[in-house]
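Input: a single structure, listed below in C-alpha cells.
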Amino acid sequence: MADNIIWFKGELIPQSQASVPVLSSTAQFGLNVFEGIRCYWNEKERQLYAFRLKEHFDRLQTSCKLIRIECPYDSNQLEDALIKSIQANEFKSDCAVRMTLFVESEGSWSTEGGSVGMFVAPILRTRVQLPVKVGKKACVSSWERINDNCLPPRVKAGSNYINGRYAHMAAIRGGYDLPIFLDHNGVVAEGAGACIFIVRNGKLITPPMAASILESITRQTLIDFAGDLGFDVVERDIARTELYVSDEIFFCGSAAEITPIVSVDNYDVGSGAVGPITNGMHARYLEITSGEIEKYRNWITPIY
Ligand code: PMP
C-alpha cells in the first residue's frame, strides 16, 4: 500500500504515522462510523470532482446521531478536510476517500461522551472500464442481514461489516464471488457492501429502505436519473426466486459503482451475460459522476 498523506485529527501526515490506542472503543468494539466517497477525474476540464458530498456528510451525521457519538465537525469542516487530504497527495485521477470518525478514548461499548477522532484517507482507484464484459457469480447467503432491531443497517458503522464478512467469506469458500443477503423477513436485502437492483420486463426493481439496507447514495442516484434513460424504478420487496428469473441484476455502491451479477445460486441471470440496461446505467452513472451531464453538476464538488 502506498504511504499516502492522510488528514488525521487536523493534521496532514503520512498514513504510517497515524495510530489509535489499543484500548480505545474503536479498537476494542469497532465503535466508529465512516463514509466511502468517490472522486472522478474530468480530463477535458482537468478537474477532479467529489460525488454527492452533501449526502455523504448528512449520512455521517445520521450515523453519529443513532450510535450516539459526537461529530466534532460540521459539513464545511468535513469538506475542507476531504479537499485538503486529496490536494496533499496531488491526485489528478480517480480516487476513493475513506472518512472515518472513531471513538479513541478508553471505555466500554456503552460509554457515551468519549473523545472522537477523524481520519480522511484518499487512495487512487480507477473507475471500471466500460462496457463490462465479465459479471460476477453471486449466491443467496445462509447468513441473514442484520436488521433495524439489532444492528441498524442504516448506520454505516464498522461493526456492521462483520455481518458482511461472514457472508462474503462463505460465498468465496463456496465458489462464488459475492453474497446476496436476505433479511429477517426472508426477502432480498442487499449485498455485503452494495445495494441491489433487478431488471424484469424492462423495469428496474430495488428493495425498499425497510428491507434492512444501508441508505445508499448510489441507489438513490440511480433512482434519480433512471427516468432520463426511460426506465421506471420500483421500490418493493423482492423474493428470492425472483433473482433466478430476472433479466439482469446488478449491485451498486460508491465502491462497487455498478457490478453486474450474471448468476445467482448457479441459475443464469437472463442469458448469463452482462445486460444492456446494466451497462447503460453504468455509462450514465460515470458521465454524471465526472461532471459531464449539466443537469447533475450540483452533485459534484471540485477539488482543485
Ligand atoms: N450497502 C452496504 C452494506 C454498503 O456497505 C454500501 C457501501 N457504502 C452500500 C450499500 C452502497 O452505499 P453507497 O451507494 O452510499 O456507497
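Values quoted throughout were computed directly from the atomic coordinates according to the rules given, and no laboratory measurement underlies them. What you see is a predicted model; the values in this text were computed from it and never measured. As a convention, Cβ positions derive from the backbone with ideal geometry for all residues, glycine included, and neighbour counts pool all protein chains shown.
A few remarks follow.
- Here P208 qualifies as loosely packed, with under 14 Cβ neighbours inside 10 Å and more than 12 Å from the ligand (Cβ to nearest atom).
- Qualifying residue in the range 40-50 (condition: within 30 Å of G113 (Cα to Cα) and buried (at least 22 other Cβ atoms within 10 Å of the Cβ)): no
- The set of residues in the range 220-240 being of a type in the set (D, E) and away from the ligand (no atom under 16 Å from the Cβ) consists of D228, D232, D237.
- Conditions (1) more than 15 Å from the ligand (Cβ to nearest atom); (2) surrounded by fewer than 17 Cβ atoms within 10 Å (Cβ to Cβ): number failed by L243: (2)
- Positions within the range 69-87 being among the aliphatic types (A, V, I, L, M), farther than 14 Å from N4 by Cα and touching a helix residue (DSSP H, G or I) at 6+ places or on another chain (Cβ under 9 Å), in sequence order: I69, L78
- Checked against (1) more than 30 Å from A283 (Cβ to Cβ); (2) within 16 Å of the ligand (Cβ to nearest atom); (3) small (G, A, S), G36 passes all but condition (1).
- Qualifying residues in the range 145-186 (those that are of a type in the set (A, V, I, L, M, F, W, C) and within 11 Å of the ligand (Cβ to nearest atom)) - the one surrounded by the most Cβ atoms within 10 Å (Cβ to Cβ): F181
- In the range 252-274, of all residues being in contact with a Phe, Trp or Tyr (Cβ under 8 Å, 6 or more places away or on another chain) and closer than 24 Å to F51 by Cβ, the one that is nearest to the ligand (Cβ to nearest atom) corresponds to S254.
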